[in-house]
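Okay, so here's the structure we're looking at.
The values are calculated or read from the model by the stated rules, or taken from the named source; none is laboratory data. Everything quoted here is computed from the prediction, not taken from an experiment. Glycine gets a Cβ as well: all are built from the backbone with ideal geometry, and neighbour counts include every protein chain shown.
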Number of protein chains: 2
Amino acid sequence: MRVVYSPAHLAHDVTTETVMGGVIPANEVAERAERIRTTLEADGGFAIDAPTEHGTEPILAVHDAGLLRYVEEAWPAARAQSLARPNLTADTFPNFRMFEGMSPEFVAGRTETRFAAGRAGWWGLDTANPLVAGTYGAARAAVDVALTTVDLVLGGEPAAYGLCRPPGHHAARSMAGGYCFFNNAAIAAEAFVRAAGEQVAILDVDYHHGNGTQQIFWRRGDVLYVSLHADPERQYPFFLGAADEIGEGEGSGANLNIPLPAGTDDSGYLAALDRGLAAIADNPGDVIVVSLGFDTYGHDPIGDFALTTAVYHECGRRVAALGRRLVILQEGGYHRPSLGANARAWLRGAEGRPYESLPASGFGGDGSDR
Amino acid sequence: MRVVYSPAHLAHDVTTETVMGGVIPANEVAERAERIRTTLEADGGFAIDAPTEHGTEPILAVHDAGLLRYVEEAWPAARAQSLARPNLTADTFPNFRMFEGMSPEFVAGRTETRFAAGRAGWWGLDTANPLVAGTYGAARAAVDVALTTVDLVLGGEPAAYGLCRPPGHHAARSMAGGYCFFNNAAIAAEAFVRAAGEQVAILDVDYHHGNGTQQIFWRRGDVLYVSLHADPERQYPFFLGAADEIGEGEGSGANLNIPLPAGTDDSGYLAALDRGLAAIADNPGDVIVVSLGFDTYGHDPIGDFALTTAVYHECGRRVAALGRRLVILQEGGYHRPSLGANARAWLRGAEGRPYESLPASGFGGDGSDR
């Protein structure tokens, strides 16, 4: 399988994030993508390509221009305001309840503020989304990775994998969040729809609900969004991801959320996956954009599922068995030692290569990653 | 002047807050209220009363029942989820942009989540609002302090001062934030309107915009809200507080925001105050609820104004000179050494007692507070 990767992600070198008011070591770190890259290189069956530049137009097809400008300007603007913290993290957010009783027209007239903390909150969902000097370049490169992966599939590849970092699925049209700045999968899906004139399905198998992707295509009938994820009752992003969220308008019925309980294991996950794949099979289209996360893994430090490396191979196999072409884009997954083996298993499953050929020791059977 | 105070605030013993992703020593601490109480006791001209209990009905007159329940349950609920942090601080917030394009009906159907971090974000505006075991009792007592102050004025006092802590003006109908849980001033104003059947004016002279008070009375013509504050372009709460926010519906014209620049000094502040007082004088009513903050002081660690202790005396004098009865409620102010002297100056000004009788040394002329 062809893999698209850019070293530009290394400049998004965050070291901490803020959770429930406390500073903790960052989960979404450069090592994640490097673990996956080196494991795929070692496999020998993957050809790694550099992305080609696609400019900002495909980003602006799904994002507000203000968000793009914010991500580009935020770091130098914060520095110009003499903010000396190691990263830019918001602390105040325009909770929709702040404006309760105010007319939609009034709320629509509110604008971002000049001061960095307020501006970051205006465009943000949470405090676990640190922005540093290299974030914009990395986020732009991640989009180019996604779009180059689309190009490969449009060019005839049955499946291709974009090793995007930072991830994207929490980024809404006008909001970053959850380690995400631009929604790589949504940008890829939109680019595919525009290029091919076909419907597309997005299958989101990250542990977390892809609130951004859901929001972007909420009223769209030509992009089916199917997500398996931890029930937002107990997990980020909390405020979206429930099963009763089916889309509205032309998008009504084109959003399928499958929230899952803590402790979800291989068999429970595969049953949910089959449900998601059945929904995709019921809809027209020849391509699936996969938002691929490995925070569903049993040892993930954020997640509470119990998946094994073996099941990722089976997941890849079942997704490919639908017979559609696959634009596979990396989202989350934070147990670094297993990331390479898990990605390798999923991608080998999607290509029809056996899982059994992997070494049997170590995390997910990948001794080189221990 | 009669002063209402409760020691219940001492149980809201927060030690840290989170600002731009970093943990810093708390600004809104118990010492603040104790500094003011001891200085007023030393003055000899203030009679300190305990509040009487008023129950939850006056709170529910301006707040969503869910917010009351959240503040009451949040700490034990977080403990039951084994959260071991020293306080409950939200990290993820329902930014209105998360729901962009979703219908108002859909958004109105979203509900709080069970997990503590998500629940705190649902009801919150920011990360600088730590909740601890004693928060609910303290917040309830602060409301009782405010309502007892209203009782004193309804009973004939020309002016009375409620030493509320935690403060209240950032708390909206369905949202806590900015060290505030229940909106003491809004609850007091509503209680006065209901008891007296008269219009009331709220004069908010805290350094920050009282977004909660504005939101609660946004469509009300019987409560005039006038606020002098740091321009939200550069200061919390960022997303509300601009001069073009005048209210809507029956409340159109009953909201006056006067944003002020960094470095605002005594003369600039008095000019703005006169503008606010003129607006109040143009409206009917016999009572002013004053949201009194001293974060406008030159040495305040949060603020960027340059006010002196002497000007607080003049502010109190000018407010009282309107000839209306005054329900004076404490909001912010974080330069602890000066808080007692500044409160004493304001209140003596409001009673017509001279500023000159204060000792001349120390912060704001109050040597005992150094």
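Since A:A84 meets every condition but one in (1) within 14 Å of another protein chain (Cβ to nearest Cβ); (2) surrounded by 16 or more Cβ atoms within 10 Å (Cβ to Cβ), which condition does it not meet?
All conditions are met except number (2).
So for region A:94-104 (the condition being part of a loop (DSSP other than H, G, I, E, B) and more than 8 Å from every other protein chain (Cβ to nearest Cβ)), does at least one residue qualify?
Checked region A:94-104: no residue is part of a loop (DSSP other than H, G, I, E, B) and more than 8 Å from every other protein chain (Cβ to nearest Cβ).
B:A117 is checked against (1) modelled with pLDDT of 95 or more; (2) more than 22 Å from B:E31 (Cα to Cα) and fails just one. What number does that condition carry?
(1)
For region B:187-206: of the residues being of a type outside the set (D, E, K, R) and touching a Gly at 6+ places or on another chain (Cβ under 7 Å), which is farthest from B:D64 (Cα to Cα)?
Applying the first criterion (of a type outside the set (D, E, K, R)) to region B:187-206 yields B:187-189, B:191-193, B:195-197, B:199-203, B:205.
The next check asks that each one be touching a Gly at 6+ places or on another chain (Cβ under 7 Å); those that pass are B:199-201, B:203, B:205.
Numbers: B:Q199: 23, B:V200: 22, B:A201: 23, B:L203: 24, B:V205: 26 Å.
If we take residues in region B:187-206 being of a type outside the set (D, E, K, R) and touching a Gly at 6+ places or on another chain (Cβ under 7 Å), then B:V205 is farthest from B:D64 (Cα to Cα).
I'd like to check something: does region A:243-252 contain any residue that is modelled with pLDDT of 95 or more and under 30 Å from A:A310 (Cβ atoms)?
Filtering region A:243-252 down to residues modelled with pLDDT of 95 or more leaves A:243-252.
Right, trim to under 30 Å from A:A310 (Cβ atoms) and you get A:243.
Yes: region A:243-252 contains one or more residues that are modelled with pLDDT of 95 or more and under 30 Å from A:A310 (Cβ atoms).
Name the single residue, out of those in region B:105-121 being at the interface with chain A (Cβ under 7 Å from one of its Cβ atoms) and outside any loop (DSSP other than H, G, I, E, B), that is farthest from B:G177 (Cα to Cα).
In this case the residue turns out to be B:F106.
Residues of region B:1-49 being under 24 Å from B:V150 (Cβ atoms), charged (D, E, K, R) and assigned to a helix (DSSP H, G or I), which ones?
B:R32, B:E34, B:R37, B:E41, B:D43
Filter region A:148-187 down to the residues that are part of a strand (DSSP E or B), away from chain B (no Cβ under 12 Å) and out of contact with any strand residue (DSSP E or B) (no Cβ under 8 Å at 6 or more places or on another chain) and list them by number.
Scanning region A:148-187 gives a single hit, A:C180.
Among the strands (runs of 3 or more DSSP E) confined wholly to region B:238-356, which include 2 or more residues that are in contact with a Ser or Thr (Cβ under 9 Å, 6 or more places away or on another chain) and not hydrophobic (A, V, I, L, M, F, W, C)? Please lay out each step first, then the result.
Values: elements: B:255-260, B:287-292, B:325-330.
Here the list reads B:255-260.
Can you work out which of the residues in region A:1-39 that are more than 17 Å from A:Y236 (Cβ to Cβ) and small (G, A, S) is surrounded by the fewest Cβ atoms within 10 Å (Cβ to Cβ)?
Restricting to residues being more than 17 Å from A:Y236 (Cβ to Cβ) and small (G, A, S), the top hit is A:A11.
Output yes when any residue across region B:54-67 is surrounded by 20 or more Cβ atoms within 10 Å (Cβ to Cβ) and assigned to a loop (DSSP other than H, G, I, E, B), and no when none is. Talk me through it step by step, then tell me what you get.
Of the residues in region B:54-67, the ones surrounded by 20 or more Cβ atoms within 10 Å (Cβ to Cβ) are B:58-59, B:62-63, B:67.
This time we only want the ones that are assigned to a loop (DSSP other than H, G, I, E, B), so: B:62-63.
Within region B:54-67, one or more residues are surrounded by 20 or more Cβ atoms within 10 Å (Cβ to Cβ) and assigned to a loop (DSSP other than H, G, I, E, B).
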